[in-house]
Amino acid sequence: MTVRLLDILQVEKPILSAPMAGAAGPELVAAVCNAGGYGVIPLWGRSKEQVATGIDELRELTDRNFAVNLNLSFPYEDQLEMCIAKGVHGVSLFWGMEPSVIARAKAGGLTVLMSVGNAQEAKTAAQAGADVIVAQGWEAGGHVWGQVSTIALIPAVVDAVKVPVVAAGGIADGRGMAAAMMLGASGVWIGTRLLASSEATIHEVYRNRILQASEADTQWAHDLYHVGWPEAPHRALSNSTSRAWVEAGCSEPGNRPNEKEQIGQRPNGDPVVRYQSYTPLPETSGDVEAMSLWSGQGVSLVREVIPAADIVEEVYQAARTLLQSGNSAL
């Protein structure tokens, strides 16, 4: 199945970059592609013209295949049609399950990657024509669709479908990749580790928190950073905002400490308020520590900033060595 995944994506290494909105721009995605992996660029929430520009900018940096990530809980029709018109290789769909969207993307000539949180969703997506299933475990950072851990989810999904399965959630080094492959995955989807790539477009405060965090420093919440994207479970680093929220009893939106307080500004001058779903960019100003610092539980394995291409190669070679050696005492 790994060979089949490589054939479908037309890449050399079964490593995909997670579409981290705000953090994964053209430079990061292109670096993953040029290193032999498969980059996924988040372009949801943008106008058709912005989607076209994003695709063009990426194509100026790589001639390799990549996918555009679209969020099914936000308007996506225009973005999908632009992906088809621009002839991109693939589309990555998440946060919802709409078989008709998969069918439309397939009819438009796109390779479809569908993110799921359980085996039944995987079956539905495969039956609708999805080429690749991305099974996202609960350990993942950012917005997390399901509540099953990666180690339990991957074999369940692999047993449920006959298309390649890509493992996501908590995978930050070659050991994690090798483990996922042993569970039946054909490839892996890496996010948090790439936040410490030199190409990731995140604020220095955010990056330093990633480099210093332990595996216990993340927090899953159903609706903590709800401003702009309500009722969307997510995992982020614990910080002053989340700690005050917990101390106040994890109250619902409308009854939280310091709600609507402006804690910073985006690079364009727009305000960032407490509890907003927002990835701090390098030029973001204000109390960055108090913002939504997305991170998965694999963060304790992230200890240095290196180019994304080196991360891809390092993870791939380490996993390959482990899988070839067997690394077993049995």
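Considering segment 189-205, and only residues there that are touching an Asp or Glu at 6+ places or on another chain (Cβ under 9 Å) and assigned to a helix (DSSP H, G or I), the residue that is farthest from Pro19 (Cα to Cα) turns out to be Val205. Restricting segment 10-19 to residues that are out of contact with any Ser or Thr (no Cβ under 7 Å at 6 or more places or on another chain) and more than 12 Å from Val188 (Cα to Cα), the residue that is surrounded by the fewest Cβ atoms within 10 Å (Cβ to Cβ) is Gln10. Scanning segment 95-116 for residues that are touching a residue at least 40 places away in the same chain (Cβ under 8 Å) and closer than 14 Å to Asp131 by Cα yields a total of 4. Checked against (1) of a type in the set (A, V, I, L, M); (2) in contact (Cβ under 8 Å) with a residue 24 or more places away in the chain; (3) touching a Gly at 6+ places or on another chain (Cβ under 9 Å), Val161 passes all but condition (3). Restricting segment 236-258 to residues that are free of Cβ contacts under 8 Å to residues at least 60 places away in the same chain and within 22 Å of Gly191 (Cα to Cα) leaves a set whose member that is surrounded by the most Cβ atoms within 10 Å (Cβ to Cβ) is Ser242.
Scoring Val68 on the criteria (1) surrounded by 24 or more Cβ atoms within 10 Å (Cβ to Cβ); (2) farther than 27 Å from Glu283 by Cα leaves a single failure, condition (2). Kindly indicate the residue of segment 131-142 that is closer than 16 Å to Val299 by Cβ and out of contact with any Ser or Thr (no Cβ under 7 Å at 6 or more places or on another chain) and also surrounded by the fewest Cβ atoms within 10 Å (Cβ to Cβ) among those meeting that condition. Filtering segment 131-142 for residues that are closer than 16 Å to Val299 by Cβ and out of contact with any Ser or Thr (no Cβ under 7 Å at 6 or more places or on another chain), the one surrounded by the fewest Cβ atoms within 10 Å (Cβ to Cβ) comes out as Gly142.
Residue-level check: of (1) in contact (Cβ under 8 Å) with a residue 60 or more places away in the chain; (2) closer than 30 Å to Arg175 by Cβ; (3) buried (at least 19 other Cβ atoms within 10 Å of the Cβ), Pro233 misses just (3). Set side by side, the residues Val288, Val273, Val299 differ, and just one is closer than 14 Å to His226 by Cβ and among the aliphatic types (A, V, I, L, M), which is Val273.
Scanning segment 21-58 for residues that are surrounded by fewer than 24 Cβ atoms within 10 Å (Cβ to Cβ) and in contact with a Phe, Trp or Tyr (Cβ under 7 Å, 6 or more places away or on another chain), we see that the one that is modelled with the highest pLDDT is Leu58. The residues of segment 238-264 that are of a type outside the set (Asp, Glu), farther than 24 Å from Gly141 by Cβ and in contact with a strand residue (DSSP E or B) (Cβ under 8 Å, 6 or more places away or on another chain), listed by number, are Lys260, Gln262.
The set of residues from segment 33-75 being under 22 Å from Ala125 (Cα atoms), among the small types (Gly, Ala, Ser) and either in contact (Cβ under 8 Å) with a residue 60 or more places away in the chain or not assigned by TED's automatic domain parsing to the domain that holds Val11 (or both) comprises just one member, Ser73. Criterion first (out of contact with any Pro (no Cβ under 9 Å at 6 or more places or on another chain), touching a residue at least 40 places away in the same chain (Cβ under 8 Å) and assigned by TED's automatic domain parsing to the domain that holds Ile311) does Gly170 satisfy it? So Gly170 fits the description; yes. Take Val227 and tell me if it is of a type in the set (A, V, I, L, M), within 18 Å of Ala21 (Cβ to Cβ) and modelled with pLDDT of 95 or more. The answer is yes for Val227. Across segment 282-301, the qualifying residues are those that are of a type in the set (A, V, I, L, M) and in contact with a Ser or Thr (Cβ under 6 Å, 6 or more places away or on another chain), and the one among them that is surrounded by the fewest Cβ atoms within 10 Å (Cβ to Cβ) is Ala290.
Selection over segment 244-293 of residues that are assigned to a helix (DSSP H, G or I), more than 25 Å from the chain's Cα centre (by Cα) and either modelled with pLDDT under 95 or among the charged types (D, E, K, R) (or both) gives a count of 1. Among the residues making up segment 215-243, those that are outside any loop (DSSP other than H, G, I, E, B) and of a type outside the set (A, V, I, L, M, F, W, C) are Thr218, Gln219, His234, Arg235, Ser240, Thr241, Ser242, Arg243.
The values are calculated or read from the model by the stated rules, or taken from the named source; none is laboratory data. All figures in this text were calculated on a predicted structure; none of them were measured in a lab. Every residue, glycine among them, receives a Cβ derived from its backbone with ideal geometry; neighbour counts consider all protein chains shown.
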